[in-house]
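Here is the structure we will look at.
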Amino acid sequence: MGVTALCPGTFDPVTNGHLDIIERAARRFDAVVVGVLDNAAKQPLFPVEDRVRMLEELTRGLAGVEVDRFSGLLVDFAKRRKVDVVVKGLRSEADFAYEQQMAQMNRHVGDVETVFLATSPTWSFLSSTLVKEVARMGGDVSGLVPPLVATRLAAALGAGR
Ligand code: PNS
């Protein structure tokens with residue numbers, strides 16, 4: 001039986017950094033579930049349906065990758081989808097401090113293991129929050145997100161202005 005990995009996140013919006021981790025996970029595991037968090041309390045710019053659709057389009061060419069959404073606890077979703085391991089990217093020591101805490105909690109609460117992949121140096125400064133801030137203030141986000149996401153960002157922010 002193959003090993004299934006879960007790449008979870010808010011993906012508001014998906015960046016080149018996220019896609020790098022998903023692609024690397026797809027090369028090393030037999031199947032990958034990309035889990036998009038549906039949590040209105042986070043007040044995302046993009047509704048969960050849009051975040052899922054963008055990820056589906058961007059991962060279409062990747063064998064064994066499937067996009068799904070979840071709400072509630074990650075460990076419950078991991079059990080439901082029968083994933084073997086959670087995969088997260090680590091950009092920095094600051095990420096490590098937070099991610100280690102979450103990994104330990106997920107192990108405690110649901111016996112779910114987490115594997116960390118070091119973020120490619122090209123993307124270690126990248127976050128969805130900063131991408132949105134730059135785009136909101138008229139900066140150029142091409143090269144940080146796929147063209148599809150840049151277009152959707154411009155439309156979403158334009159509509160809100
Ligand atoms: O892209 P993000 O926002 O860094 O992803 C965070 C995410 C979705 C992985 C995390 O918030 C999460 O797992 N949320 C689900 C709720 C949960 O299980 N909380 C306890 C984690 S210890």
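The values are calculated or read from the model by the stated rules, or taken from the named source; none is laboratory data. Values in this document were obtained by computation on a predicted structure and should not be read as measured data. Positions of Cβ are generated from backbone atoms using ideal geometry, with glycine treated the same way; all protein chains shown enter the neighbour counts. Quick note on the areas: whole protein, heavy atoms, side chains included, nothing else; ligands and nucleic acids left out. Shrake-Rupley method; radii C 1.70, N 1.55, O 1.52, S 1.80 Å.
Please give the contour-minus-distance gain from SER120 to ALA41: 0.36 nm per residue of separation, less the Cα-Cα distance, rounded to one decimal in nm.
Result: 25.4 nm gained on full extension.
In deg cm²/dmol, rounded to 500, what helix-only [θ] at 222 nm does the chain give when every DSSP H run of at least 4 residues adds -39500 (n - 2.57) and the total is split over its residues?
Numbers: 6 runs with 73 residues, N = 161.
When only DSSP H runs of four or more count, the value is -14000 deg cm²/dmol.
Can you work out the FRET efficiency for the pair THR151 and MET102, with r the C-beta to C-beta distance and R0 = 41 Å, to the nearest 0.05?
0.80
Calculate how large, on average over all directions, the projected area of the Cα convex hull of the chain is; give the answer in nm² to one decimal.
Computing the convex hull of the Cα atoms and averaging its projections yields 9.4 nm².
Could you check how much of the accessible area of region 19-148 is carbon and sulfur, as a whole percent, using a 1.4 Å probe?
Within region 19-148, the accessible surface is 52 percent carbon and sulfur.
Apply the Karplus parameterisation 6.51 cos²θ - 1.76 cosθ + 1.60, with θ equal to phi minus 60°, to every residue of region 100-116 and state each ³J(HN,Hα) to the nearest whole Hz, in sequence, with x for glycine and proline.
Ordered by residue, 3J(HN,Hα) equals 4, 4, 5, 4, 5, 5, 5, 6, 5, 6, x, 6, 9, 8, 10, 10, 9 Hz.
Going by amide H atoms built from the backbone, whose H comes under 5 Å of the H on VAL32, apart from near neighbours?
ALA5, VAL65, GLU66
Relative to the longest principal axis of the chain, what angle (0 to 90°, nearest 10) does the C-alpha long axis of helix 48-59 take?
Taking the Cα atoms of the chain, the angle to 48-59 is about 80 degrees.
On full extension of the chain, what length is gained from LEU62 through SER92, given 0.36 nm per residue of separation minus the C-alpha to C-alpha distance? Mind showing how you got there, number by number?
On the way: separation 30, 0.36 × 30 = 10.80 nm, distance 2.69 nm.
Taking LEU62 through SER92 to full extension adds about 8.1 nm, to one decimal.
What are the ³J(HN,Hα) couplings of region 63-71, residue after residue, when phi is run through the Karplus curve with 6.51, -1.76, 1.60 and θ = phi - 60°? Round to Hz, x for glycine and proline.
So the Karplus estimates, Gly and Pro as x, are 5, x, 9, 10, 10, 9, 10, 8, 10 Hz.
Do any chymotrypsin sites (Phe, Trp or Tyr not before Pro) in region 52-102 lie in a loop, going by DSSP, with at most 11 other beta-carbon atoms within 10 Å of their beta carbon, and if so which?
Those that pass, being in a loop and sparsely packed, number zero.
Does anyone have the angle between helix 147-160 and the longest principal axis of the chain? Alpha-carbon axes, 0 to 90°, nearest 10?
Helix 147-160 sits at roughly 60 degrees to that axis.
Quick one: 3J(HN,Hα) in Hz for region 27-40, Karplus 6.51/-1.76/1.60 with θ = phi - 60°, rounded, Gly and Pro as x.
6, 9, 10, 6, 8, 10, 9, 8, x, 9, 6, 9, 9, 4
Just tell me which aspartates and glutamates come within less than 15 Å, Cα to Cα, of LYS82; anything on the same chain fewer than 8 places away is out.
Once the sequence-local aspartates and glutamates are set aside, what remains near LYS82 is ASP30, GLU66, ASP68, ASP111, GLU113.
Trypsin sites (Lys or Arg not before Pro), restricted to region 19-62: which are DSSP loop and have at most 13 other Cβ atoms within 10 Å?
ARG60
Could you name the lysines in cross-link range of LYS132, using Cα to Cα under 20 Å and dropping any fewer than eight places away on the same chain?
LYS42
Using modelled backbone amide H atoms (1.01 Å from N, in-plane), which distant-in-sequence or interchain residues come within less than 5 Å of LEU90's amide H?
When sequence neighbours closer than 5 places are left aside, the close amide H contacts are LEU117, ALA118, THR119.
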